[in-house]
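Quick note: the coordinates plus some simple rules give every number you see, no bench work behind them. Everything numeric here is computed off the predicted structure, so don't read it as measured data. Quick reminder, even Gly has a Cβ in these numbers, built from the backbone with ideal geometry, and neighbours come from all protein chains shown.
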Amino acid sequence: MVEVSRKPAFAASGESATTRSQFLPADICIAIPTYGRDEVLVETIRLCLNQTVTAGELIVLDQTPVHSPEVEQTLAAWHQSGQIRWERLTIASVPAAMNRALEIATKPVVLFLDDDVIAAQGIVAAHAAAYETDDVWIVVGQIIQPWQQPTDVTPRPSPAGTLRADLDFPFHSTRACSLQNVMACQMSVRRDRALMVGGFDENFVGAAYRFETEFSRRMLRAGGRVLFEPSASVRHLRATRGGTRIQGNHLASASPRHGVGDYYFAMRHGVSSEVAWYCLRRMIREVCTKFHLRHPWFIPVKLLGELRAFLWACRLVQQGPALLGTKRP
């Protein structure tokens, strides 16, 4: 990764145009995919609507079959007043919901937020200001997990193009830099560039693990750059209900839905010793936990789930990626 020296968002008269942001906050569409969330979703939307500098558009991609009456009424009222666009979806898929946002957004930049975050004031303006040059195609902001605080930490360098590049990037860092990984919890994209590469791969099923990383790698190969901008900050609540947590406890499950995305991500990089080691390392890591040390009878159960996930990923690779503009298998 390359550390970035932040420039003023808007240059004074006579300065190079490359130091100006190419977008204003009104050029940003906030898109919030949601599934199985009620009150926390309402609070996330409310914080976005109460920003001092607001986005030009806010779309809620709602995959929840039934909300509580109070939440249903609140969302309907916001939709009818034009404060949000409430898009009801019938299929629960994070990549599919985010692709839908790319298709229907009317702004040149789409800012994706999780449905369980506390967005800091200024987040929209910070994302808009980060697009200073044409090669910035993705901006990912600072993400503070419940156990973290913003920290001035120098990320470990990752060789460009490697499978594990920046997979352990500290998103709670306070240092702006270019990198090779993102988190969908809070990231913005140039809509036209995202559509150009086919959007998000809907083959990432189940927990859809690593789908955003695979997307960022395609954007990089197409000539774009990923920028980490810590002045755009959220606190991730990691709500215990809804979202990907609907998949249940992966440690004691033989379900393949927890691991298929990770294997598929690796296999999309081709056949190599690096890919083989990545897959083997995951199988070993998933049963070498404190939980399995205390409950060893779950080790064969978990290994069965990992094997099923690996075979499922093999089938998905054979089918080819399910991108926007391609025929779904």
* Neighbourhood net charge (12 Å Cβ-Cβ; Lys/Arg +1, Asp/Glu -1) for residue 301 -> 0
* **DSSP H segments from the chain that extend 24 Å or more along their own axis, Cα-based, with Kyte-Doolittle mean of -1.0 or above** => 299-319
* Structure fact -> Per residue convex hull volume, Cα only, the chain, in Å³ is 143 Å³
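Using the beta-carbon distance between residue 288 and residue 39 and R0 = 41 Å, what value does 1/(1 + (r/R0)^6) give for FRET efficiency, to the nearest 0.05?
Numbers: r = 37 Å, r/R0 = 0.90.
E between residue 288 and residue 39, to the nearest 0.05, is 0.65.
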